[in-house]
Structure formats: C-alpha cells, structure tokens
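A.B. asks: Structure in structure tokens, see below.
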2 protein chains.
Amino acid sequence: MKTSIATVSISGELPEKLDAIAKAGFDGVEIFENDFLAFDGRPTDVGRMVRDRGLEITLFQPFRDFEGMPEPLRSRAFDRAERKFDVMQELGTELILVCSNASSASLGGIDRAAADFHALGERAAKRGLKIGYEALAWGRHINDHRDAWEIVRRADHPNVGLILDSFHTLSRKIDINSIRSIPKDKIFIVQLADAPLIDMDLLYWSRHFRNMPGEGDLPVAEFAAAVAETGYDGYFSLEIFNDQFRGGSSRLIAADGHRSLIYLGDQVRRMPNAPSFSVKAMPDRAIVKAIGFVEFSADEEEATELVGILRTLGFRKEAVHRTKNVTLYRQGDIRLIVNADGGGFAGPSFVVHGTTAYAIALMVDDAGKAFERAMALDAEPFKQAVGAGEVEIPAIRGVGGGLIYLIDDKGDLGRFSEIDFLPVEDDAQIAPAHLLHVDHIAQTVAYDEMPTWLLFYASIFEARKTPVFDIIDPAGVVRSQVLENASGSLRITLNGAENRRTLAGHFIAETFGSGVQHLAFHTDDIFTTAASLRQNGFKPLSISPNYYDDAEARFGLEAALSDRLRAENILYDRDEFGEYFQLYSPTFGEGFFFEIVERRGYKGYGAANAIFRIAALKKHLRPEGMPKS
Amino acid sequence: MKTSIATVSISGELPEKLDAIAKAGFDGVEIFENDFLAFDGRPTDVGRMVRDRGLEITLFQPFRDFEGMPEPLRSRAFDRAERKFDVMQELGTELILVCSNASSASLGGIDRAAADFHALGERAAKRGLKIGYEALAWGRHINDHRDAWEIVRRADHPNVGLILDSFHTLSRKIDINSIRSIPKDKIFIVQLADAPLIDMDLLYWSRHFRNMPGEGDLPVAEFAAAVAETGYDGYFSLEIFNDQFRGGSSRLIAADGHRSLIYLGDQVRRMPNAPSFSVKAMPDRAIVKAIGFVEFSADEEEATELVGILRTLGFRKEAVHRTKNVTLYRQGDIRLIVNADGGGFAGPSFVVHGTTAYAIALMVDDAGKAFERAMALDAEPFKQAVGAGEVEIPAIRGVGGGLIYLIDDKGDLGRFSEIDFLPVEDDAQIAPAHLLHVDHIAQTVAYDEMPTWLLFYASIFEARKTPVFDIIDPAGVVRSQVLENASGSLRITLNGAENRRTLAGHFIAETFGSGVQHLAFHTDDIFTTAASLRQNGFKPLSISPNYYDDAEARFGLEAALSDRLRAENILYDRDEFGEYFQLYSPTFGEGFFFEIVERRGYKGYGAANAIFRIAALKKHLRPEGMPKS
C-alpha cells in the first residue's frame, strides 16, 4: 500500500507542506494547482523540491469543467488541457485529475463525454501522460462513480482511467460493491477522505467537514477494501478539505494523515476475504484490561498537598521506590504514584509544571505487542532513565506530551512494583472509602487536536468512540467525546476547548497541555463513600441547590433520595440502563480535580450534569475577593 | 416594540449575562433554565437581580416533552410542571415556554394535546401563570406553528397561548401569511432568530448556526411584519444558539442583539401596509455618495515613508491644516489626509499604533440625519477636539474603534476643507497616475466580529451584503464578505481572520484592530497608470509567473495581453459583466497596502486572485534572511 496526500489537505506554503508530508512518511504527494500557482518557483523547481524530499508526485489536480462542453468552450477546454500538460511535464508527473463537469454550460450524454475523453487521451498519450476521471458528488451530469466508469469504459483509451474518491461515493451512499467489478488497471488512483455524519448540502459538507479516514463516520475502510479486492495496489491518497486543518500545524496534520492510512491498511488487511495488497502486518489492537496506575509529578510542597487530598479520599501509602523520591498509594485496584523526584520516571528531560497527572499506565494483554503496534502507527516512543536492576517499562507519548506506560502481568513487567518498590506500612487514621478502580480518565485538549487523539487511541487500543457531546461552559462550548471499550476497563473522555476562558481551556493554558484534567474513581456505594470522605475531612464540590430542585422534578425522585443527594453534593443521572451518581472534589493546582462515581448499570458519563459541575468548579478558580455578581 | 433576549444567547455566568443585557438597552430577558440552575442563588435572588437591573423576566424556558404523553409519563409531566410553576412564582415571571414534544414516547393527536394543555392551563390559572406553546421544527408530531395554533385554539383556555419563533417557521419554509390570521391576544410572545442559508439537518442548524435578525439570510423582518399585522405589540425576544456567541464577549453580542431588533423594527415600520406597532421613527438609511477622504495617522518618520509612497502613486499635496500638522493629498476625487499631529483630528484620547488609516469619511446625502440614525442604532458617537472656527464633523466609532466621519455638501460641513485647510502648491516631479476615486476599502476584523460589523454598516447605510467567500491563506481560512451599494460608491470588503498566522490575522494582532488593511483606487486605464507608477519609482507587488501561465490558459487570453499583465504584475479576472485588473503595492508598516483596479463592467473583487496576492504579500512580511524553502 502506497501512501499519498494532496497538498491542499494541510496548512502552510508549498515548501512547508512538502517538508511536513515527507517527514510524516508519505510516499507521494498530489500537487493541488493553487498551491503550485501561488509559489514563486517554476514547475521544474517544484518537481525537484518534491523529489529531493524523497516523494513522488502522484497527481496534478484539479482540472475542472472539461467534458461535454459546446463549442467554443470545448476547444478552449482542450487548449487549457494542453497548457496543463506542459506544466505536468515540467513538474515530472504523469497523471491529471479531471473532475466531472459542474458548469451549467455543460451538455449531458455519456457518449459525448466519452468522445471528449478519448480525444483528450490521444493528446495525453503523445506526451506520455494519463487522464483520471472523477465523479464529483455535485457534478452536473455525472455525480456517481458508476457513470464515470461507464464513460471511461466507452472512452476506451489506455491513457484514460478512473479516479475513485471515498467522499464522493460514500456521501451519496452509493453501493461500494459496484467498485469490485472495475478492472484494477483502469483505476488510476484512489482518494480517501472521511467526514462526520451530518446531513447537509454535499458541497458545503465536502469543503468544510472532510477529515482523515477513521476520524469521521463514513465506512472508508470498507470502501478501501472494495478497491483492494479489485487487485488495485496503487496509491491511496488523502484529499481533505477542512477549515481546522487549514489553520492547524502542517506537521501534526500530516502525521495524523499518515497514521490514518496505516491504520486503514491494517483494518483492510483484517477483513474477511482480505485482499492481498501489500500492507505491513502488525499486532492486533491492544486490549486494555485495567488502568495500571496514574503517576503524578509534584514538587515537595505540591506533593504534600496532593497526598493530603489522597488521604481524605481514603488512599494509603503502600510502597516507596528503592532509589527515588517516589511513593505508591493504593485503594482497591487504584494505584497512584506520587513522584517528587523532579522529573521522576520520566527523567530530567520531561518538563512538567505544577501538580500534574503526567503519566498513565495501561495494563494490556501484551505490552510488547502493544508497543510494537504503537510504533507501526507512528507513535513516539519514550525511554525513561532506569537505575541498575530496575524495570524498564515500554512507554509512548500521549496527549499533550504526557506518557502512556504499557504494562502487562508477565515477567519483570508484571512484578515491576515489587522489583522497583519497597512495601511500607501506613498507620494513618484513614477511613476506607470503598473506591474500587479507575472509572475513567478525563483528558483535555485544544479542540483542534481532538481528532488527532481520538485516532491515536482508537488505532492502537481496542476502543470505540461515542458521538460528540457539546458541553456548555459559561465562556464557550466544549466538545466532549469518549473512547471506551466494551468491558469498561478503558474509558477516556476527551474534552476539546475552543477558547482559554472555558474551564477546559484554562487548564490547557496553565498546564501546557499535560492532558489529564480529572480522574474518576468507582465506588459500589456512593453514600457510604461520602460518609467516609466526610469522616476523613474531604470537602466535596458544592452544587447549586437549584440543581436538586430540578433533578427531583426531572427524574421524579423520592424526596428522601434527593435530600441525601443534596446533603452530600452528589449529582444524579439516569439512562435506559440504570442510575449514575457523581461526587466531585474542588479543583486544586491549575484546575485538576477528582470525581467519584457509582454506576448502577448506567453507561454514560453524566454529560447533562457537566454544566452544573463546571459552574461550581469555576467558582474555585475565581480569584479570592472577586465579586460573584 | 419591546425588546427581550434569552440568557442562552450570550456567554458568561448569569450575573454577567444580565449586566450585558441591561447595558445593551433591552427591556426584558428570557431566563433559560440551565443558566438559572447552575447559579448559586435562589429563584427570588435571581428575580431581584433582574429587576434591580431594570429588566423584566419575559419568559421562563424551556419546558420539554409535555403534551401527548401516555401514563405514567403524563402524570409525571404535570408534576414536573408544578415544580416549575413554583420556580416561576419565586422568580416573579408569569409565562413559561412549552416546546412541542420531541420524545419518541409521545403520542399524536391534536385533541389529546389540546386536552393536556387545557388541563395545564387550569393549573397555571390557579397560580396566575400562563403557558406558551411553541412548535419546534423537529417536534415529533407538531413541528409547524399552524398545528400548534390549532392545539391552542382547541385547548380553549385563557391561560394557554401560542409562542412563535421565526427560526422554527422560516427554517421549514412555512408560509408566514398563516400568521396574519392568529388573534393577537393568543400570541403570548414572539422569538426571533436568523440563520445563514445552508441546507442541513434542522436541529444541527438551529443549535449551532442561529444568529441575530439581519445577520443571516432568513426573511425575519417579513416574519415580524406578519406578526405585527395581527396587532401584536408585545415582546420581540431573541433566542440565539450560536457557538461563536457562546464564546464571545457578552457585552458585544448583547449590543449586536439590541441593534438587530431596533433595525428590524425600523424595517417593519417601513413596509407597505406598515403595521402600527410602536417603533421610534428614525431617518432613512444614509445613502453614501462617495468616500470623502481617508485619514492616516503617522508619526513624523512614518509620515515621511507614507508620503513617499503616495507620491509614487501620483498623489499631490493640496492643502495643509491651519493649526495642526495635518496635510491633505489629492488625486482625482481621492483625498488622503496624513495626520502627523499625534492623535490628530481624533484628539489625544485616540491611541493609534504605527501608520494606520484610522478614519474614513463617508459623503452622505445628509450627515446630520445619518448621525441621528446611527445614534438610534446604538452607534458610539465620537467628538474630536476642534480649534476655534474649525468645523466639527459628526463622527461615530467603526471597526476596531476606528472613526467614520459623516460629511455632506451642505453649509460649513461642505466647505470644511476650505475652512480648516490652506491650499498649497506642490511642485514635486510626479507623473499623474489617473487614479479617479476610491474603489473599495478593505477592513480586517476578527472572524467573530464579522456579523457585528456587517450589521453595523447595513443598518446605518444603504448597502447590501454579498455571500461569504472563503479566501485560502496558507495559514488558514479567511472569510470575506462585501458591503456595497448599487451605484458602487460604497464598497467595503470585510475580511474575517480566524487565526493570527494568516495575513489578515497578523494585521489585526499588530494594529490592535484599527480596521482598514488596504485601500483600492480606481483607474480607467490600468496600463497607463502602471506606466506612470513606474516613472514615479513605484514598486508593484511581484506576482508568481505561474499565475500568468494559468490565467492565460483559464481565460484564453491573447499572448500579447498576458505578456503585458505579467510585465506589470497585474492580476486579471472576468465575470459575466466584464473584465477586472488589479495592481498591488507591497505591504508597509504592519501589513497595510494599496491596490489599483480597473473595472471594465466587472462587479466583483477578484476573490479568486486573493490566494496569489496573499502569497506574494506574505513574502514581504517574512523577516529578512529567512529562507523561503
């Protein structure tokens, strides 16, 4: 499988785009004409720039409004094509994309179109060039790849073939089975794009909402599998029009694109009747069995504050690191590591700022294989500094540069806490709070980076993403989306902040994007837990009394229950599967907080309560002495 | 006409929202339930906060999924309503919005719904409260105000009435004539929202794209006129769901909302068979006859550079101010004022930064009336410091705090340049460049502020707005929209920058939003002008040679013409009306530049050329010595 991307898909001027595309690992690049026209160099310069970066030009595009034109427009279209052929020969590329005519001047009739393509094929052949015809979803007469293919068939010219584009086919819900009967040698290139499923005008949707395969909701992998079944083994090329991508970092977007294609290839390879096209094999998506531990970085003073809060939550010290100022706290299956060693596991190269949960350890079925898959999917490896005899844990960079350790229960890795740590007795007076395991980890990212991290997690780990939920912060919308596996052992909520004044945006701005904004622990009895916390001196986040009046009315709660909720500052939700209870800590540090939840069958995350939780949390961020009204 | 706005329409916490709404001049406010629930105070506190700010609570909303429920959901819905009635009485408001049921559990049948409303009306009457029923465009059974009205009619209860919402009616293209037969006393309140015309899922469109009346494309004024014809003279209330507004400044958005309602009232008043509802009369929209002058602020050194460029453009000094360091340059009907007086006309209170075209003077039919209209539409007046005997020109604040002077040809105002200025002879060796008048003024704003300024201009001045055009800057999308009048004497292009790395965004960041990024002058012979400019030592912006190869192919240009264009760095465009020629200066200062255009019948602004112009301009912004590739 050869990978390519159109220059229009990423931001920057042409040299910057080519650098990013080459660095991301693509084999080829489509030159989008405007990127080339706006550039000062001649076509030969551009061709050399591409080749100097180890890339091939896979396509020159687009050539619009060609077929079915009446005279004199027809002659002018052919003249125009000859001029573009000149450019292509200078660039050093052989394939041009002709998209189906959208002009109101164009005439219908597939034989007329086929005749035009035959004539164009003759001209192209003289120069050793090839014509690829693509059906735009909004083409005036041709807007279905099946019709475009019929025109190519009737054009009957070796230099004229078909270009398939997943967006144009899938946005119109055209049966992808129709692809399987096209001869592979007549498919000149395949373009891929995904998009979120929002019912809207096709042109508007295409121009603004396209995204990378796997980032949207279209069955792009199934489309690619149908293509691969023809025997096609040429380029799969990304052509993405997306307002966010145009304003984003060219390097990050190109990297996302490359990951999306590798992941797509892996998905296609695993399909029943897997086509035999050349994709490098990699291990299965890793199955996360549990959250192994979460590691906090803190200086001495911050660590004292953090440990104070952990104690009110019922955590006990379990072990200390043999050589570092690192302590392991535990409750139920929850392990929290407080690293006050100035860089800790991560070594001095890792800069953290304030109390930060900068690393999470995922207990997977096979850490080595998970790491291998992550590497195949362009993840950035991380090597910590380890002392003699200490266990080296495979790790990759995750959200905001934070770490994801990959652990399993085999060999030294399965015993790292015994090897690296010494058990200690904790005789503090702490009431156990019945916290059993990590329910979910909430990470906050800039809105632009949400697709990046959704793709990152979903490609490496066995997980599905939920639909986007808009959370209304008083200062703006925060988009929330969850990655979760079927067993519930991996649940990561990603919140995308559009501006700095939202709670989520403030957290990103203040922590330089370390990612984990809150940890939610599970209890099997929220009221018993609340009583223990009270006994330990824990101060819950105070919720507006108006909330409880409404919840009582909305859910028809018994007064006895709503009184208990109100007394303990517990939020309540319900779905078709059951009930949900949520208890929050106030924020500390730069906006980090804890949550305790009880799920009685409930599957969600209490999104409808987020607005009340945010309003309450924001009060804690308000500088002392500032008026509330 | 009484004005109201829903708290959900603007950003902030409840007190901040109420402050902004009161300050903008609204009479009333709809309390959106979540805003109230997230607030710590009790309902009585909220009611007092509203009244303390001189506002009335016009509506409590929304109450969802009420009518047509099977038991036990029906009983629970009534219980829920009673709880909300408690809240309303504490708040001190009498009207609640019940939106049509969207639940899959709900049952159809308008008699069933009418019976439910009659029963609810009985309960409301006991408390002196009123029920307003609104058809959501995506209601399960009821999604048309005509059906909602039939239910209200059959409910036949004095405490049950109809709520109309322009979005729900207009998004479904329901005939607004159907409103004219509804009795005014059964319309309990009218909600207004506009939206851009994009064909998409109604719920998604409503939740993300609503905007203020006049900011979108829906016939909201016609809708309001139909309402007013019933004799309805109650509140017109804005209910806007818009992601930008939620993240924007509460003060600015509230001010926009108030302006939009005042302008709407004025439009309704002027309609044939104008309904007699109470709207304050104001003068007609001002007709702009010409751009009177543009004033630059510059320190001595900057002024020298600016004047140097003006001379290469063929401008001659015409007059100097009697008392200030202010000089008037002229060519054809173009007057440029260079103010090196440190604050100038604007007085020392006006902070400008670098060379900035901080003021434009619009020559209108009647400056006094234009000013009066601007005041009626909440514009901010500006009074400059004038010396004894000098003419005081009416002025208002425009884009980015820049000034708009309003001048006409009457009395002292018509002779201000003779009264305040002394003519001088300019014997510089300058070839005349045949520049005749200002073709257009290009202003750059943050993307979020585009609706604000489009509404500002279009409400005060006779002008129409063109559809949005996306300009692709290498660093992101820039939205462009034009305000123009039929004669072409007023043409303002507004460019909205989403990020700072775009050329437009850079300009905003560096100039603190002074607004005018470029001035385009009209010539009737671009090639003669180009020759004169060359003679004067003007250096045009250098355009990529690739552009000309493409233009020649695209338009089928004669080689002789395209060679001339290339030699002079002139950009070319063509529309159904004629041809267009564009010649640019490089940028100076913080990104300001000049453009010279010739229109041979052409109506547009060369938007398709913008990408090439931006690429060329950005090269001038690149620090010296930075590599290009």
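Every number in this text was worked out from the coordinates using simple rules, so none of it is lab data. What you are looking at is a predicted structure, and each value in this text was computed from that prediction instead of being measured. Positions of Cβ are backbone-derived with ideal geometry, glycine not excepted, and every protein chain shown enters the neighbour counts.
A.B. asks: For B:Lys280, list the lysines whose Cα falls under 20 Å from its own Cα; do not include residues on the same chain fewer than 8 positions away.
C.D. replies: Answer for B:Lys280, where 20 Å is the Cα cut-off: B:Lys2, B:Lys23, B:Lys369, listed by chain and number.
A.B. asks: A further question follows. Please report the spacing between the Cα centers of the range B:171-215 and the range A:433-508 in Å, no decimals.
C.D. replies: 34 Å
A.B. asks: Treat the protein assembly as shown as a sphere of radius equal to its Kirkwood radius over Cα pairs and apply Stokes-Einstein at 37 °C in a medium of 0.692 mPa s; give the translational diffusion coefficient in µm²/s, rounded to a whole number.
C.D. replies: 97 µm²/s
A.B. asks: Give, as a single signed number, the net charge of other residues whose beta carbon lies under 11 Å from the beta carbon of B:Ile5, with Lys and Arg counted +1 and Asp and Glu -1.
C.D. replies: Surrounding charge for B:Ile5 is -3.
A.B. asks: I'd like the distance between the alpha-carbon centres of the range B:73-107 and the range A:55-124, rounded to an integer number of Å.
C.D. replies: If we compute the Cα centre of each part, the gap is 62 Å.
A.B. asks: Please average, across the residues of A:38-44, the number of beta carbons from any other chain that are within 10 Å of each residue's own beta carbon, and give a whole number.
C.D. replies: 6
A.B. asks: Pairs of Cα atoms under 8 Å, at least six residues apart: use those to get the relative contact order of the range A:37-100, whole percent.
C.D. replies: 51 percent
A.B. asks: Could you give, in nm with one decimal, how far A:Glu56 is from each other copy of that position, shortest first, with labels 7 Å out from Cα toward Cβ?
C.D. replies: Taking the point 7 Å beyond Cα along Cα→Cβ, the inter-copy spacings are 7.5 nm.
A.B. asks: Per residue and in cubic angstrom, what volume does the convex hull of the Cα atoms of the range A:435-621 have?
C.D. replies: 116 Å³
A.B. asks: Further, regarding this structure: Given a cut-off of 15 Å, what percent of all Cα-Cα pairs of the range B:192-235 lie beyond it?
C.D. replies: 47 percent
A.B. asks: Taking loop as defined by DSSP and a crowding limit of 11 other beta carbons within 10 Å, which trypsin sites (Lys or Arg not before Pro) in the range A:142-194 fit?
C.D. replies: Here the trypsin sites (Lys or Arg not before Pro) that fit, given the DSSP loop and packing criteria, are A:Lys173.
A.B. asks: Provide A:Val29, A:Val391, B:Val424 in ascending order of the number of other Cβ atoms located within 10 Å of each residue's Cβ, fewest first.
C.D. replies: Arranged by neighbour count, lowest to highest, A:Val29, A:Val391, B:Val424 become B:Val424, A:Val391, A:Val29.
A.B. asks: On average over all directions, what projected area in square nanometres does the range B:252-403 have, based on the convex hull of its Cα atoms?
C.D. replies: Projected over every direction and averaged, the Cα hull of the range B:252-403 covers 11.2 nm².
A.B. asks: Could you grab the relative contact order for the range A:222-348? Cα pairs under 8 Å, six or more apart, rounded to a whole percent.
C.D. replies: The normalised contact order for the range A:222-348 reaches 20 percent.
A.B. asks: What percent antiparallel are the DSSP beta bridges of chain A, to the nearest 5?
C.D. replies: 55 percent
A.B. asks: Picking from B:Asn159, B:Ser487, B:Val8, whose Cα lies most toward the positive end of the charge dipole for chain B (charges on Cβ: Lys, Arg +1; Asp, Glu -1)?
C.D. replies: Working it through, the farthest residue towards the positive pole turns out to be B:Asn159.
A.B. asks: Right, next: Below 16 Å, Cα to Cα, which lysines can A:Lys126 reach? Residues fewer than 8 away in the same chain don't count.
C.D. replies: Qualifying lysines at Cα under 16 Å: A:Lys84.
A.B. asks: Moving on. With a ≥ b ≥ c taken as the square roots of the eigenvalues of the C-alpha gyration tensor of the range B:1-152, please select rounded if a/c is under 1.5 and otherwise prolate if a/b is larger than b/c or oblate if it is not?
C.D. replies: Since a/c reaches 1.5 and a/b is larger than b/c, the shape of the range B:1-152 is classed as prolate.
A.B. asks: Using the alpha carbons of the range B:3-64, what is the convex hull volume per residue in cubic angstrom, as a whole number?
C.D. replies: 76 Å³
A.B. asks: Sticking with this one: Taking A:Ala274 in one copy and the same position in all the others, each labelled 7 Å out along Cα→Cβ, what are the pairwise distances from the first, in nm, shortest first?
C.D. replies: Taking the point 7 Å beyond Cα along Cα→Cβ, the inter-copy spacings are 7.6 nm.
A.B. asks: Relative to the longest principal Cα axis of chain B, at what angle does helix B:14-24 sit, 0 to 90 degrees, rounded to 10?
C.D. replies: 60 degrees
A.B. asks: Relative contact order (percent) for chain B, with alpha-carbon contacts under 8 angstrom and 6 or more residues of separation?
C.D. replies: Dividing the mean separation by the residue count of chain B yields 9 percent.
A.B. asks: Cα axis of helix A:559-568 to longest principal axis of chain A: angle in degrees, 0 to 90, nearest 10?
C.D. replies: That helix lies at roughly 90 degrees to the long axis.
A.B. asks: A further question follows. If I model a spin label at A:Ser542 and B:Arg534 as a point 7 Å from the Cα along the Cα→Cβ vector, what separation in nanometres do I get?
C.D. replies: Placing both labels 7 Å beyond Cα along the Cβ direction yields 7.8 nm.
A.B. asks: Express the Stokes-Einstein translational diffusion coefficient of the range B:79-166 in µm² s⁻¹, to the nearest whole number, given a Kirkwood radius over alpha-carbon pairs, 37 °C and a viscosity of 0.692 mPa s.
C.D. replies: It comes out at roughly 252 µm²/s.
A.B. asks: Taking the Cα-to-Cβ direction at B:Asp575 and at A:Ser181 and moving 7 Å from each Cα, how far apart do the two end points lie in nm?
C.D. replies: 4.7 nm
A.B. asks: Another question, then. Mind checking the alpha-carbon convex hull of the range B:541-606 and giving the volume per residue in Å³?
C.D. replies: In the range B:541-606, the Cα hull volume divided by residue count equals 86 Å³.
A.B. asks: Given the rotation that superposes chain B on chain A, what residue of B brings its beta carbon nearest the axis, and what is the distance in Å?
C.D. replies: For chain B, the closest residue to the axis carrying it onto A is B:Met200, 2.
A.B. asks: Could you rank the peptides A:263-273, B:160-170 by their average count of other C-beta atoms within 10 Å per residue, with the highest value first?
C.D. replies: B:160-170, A:263-273
A.B. asks: Extension gain A:Glu305-A:Arg53, at 0.36 nm per residue separation less the Cα-Cα distance, in nm?
C.D. replies: My answer for the length gained is 85.6 nm.
A.B. asks: Work out, step by step, the length gained on full extension between B:Arg172 and B:Asp147: first 0.36 nm times the residue separation, then minus their alpha carbon distance; give nm to one decimal.
C.D. replies: Taking B:Arg172 through B:Asp147 to full extension adds about 7.7 nm, to one decimal.
A.B. asks: How big is the Kirkwood radius of chain B, worked out from every pair of different alpha carbons and given in Å to one decimal?
C.D. replies: This gives a value of 27.0 Å.
A.B. asks: Step by step: find N for the range B:172-298, compute 2.2 N^0.38 Å, then divide the Cα radius of gyration by it. What's the final number?
C.D. replies: Its radius of gyration relative to the 2.2 N^0.38 Å reference: 1.24.
A.B. asks: Shifting gears a bit: Quick check: Cα centre of the range B:525-544 to Cα centre of the range B:546-575, how many Å?
C.D. replies: Cα centres, the range B:525-544 to the range B:546-575: 16 Å.
A.B. asks: I need the GluC sites (Glu not before Pro) found in the range B:522-629, filtered to DSSP loop residues with at most 15 other beta carbons within 10 Å of theirs.
C.D. replies: B:Glu558, B:Glu576, B:Glu624
A.B. asks: If you don't mind, there's one more thing I want to ask. Provide, in order from the shortest bin, the percent of all Cα-Cα pairs of the range A:29-89 in each 5 Å bin, continuing until the bin that contains the maximum pair distance.
C.D. replies: Each 5 Å bin holds this share of Cα pairs: 4, 16, 25, 22, 13, 10, 7, 3, 0.
A.B. asks: Same structure again: Which lysines have a Cα less than 28 Å from the Cα of B:Lys317, not counting those fewer than 8 places away in the same chain?
C.D. replies: Result set, ordered by chain and number: B:Lys289, B:Lys383, B:Lys410, B:Lys539.
A.B. asks: Give the calculated FRET efficiency between B:Arg123 and A:Asp470 to the nearest 0.05, with a Förster radius of 41 Å applied to their Cβ-Cβ distance.
C.D. replies: Computed FRET efficiency for B:Arg123 and A:Asp470: 0.75.
A.B. asks: Restricted to Cα positions, what overall size does the range B:2-269 have along the principal axes? Three whole-Å values, descending.
C.D. replies: Each principal axis gives a Cα extent; for the range B:2-269 these are 46, 42, 33 Å.
A.B. asks: On to the next question. Put a label point 7 Å from Cα along the Cβ direction on B:Asp45, then list its distances to the equivalent points in the other copies in nm, shortest first.
C.D. replies: 6.6
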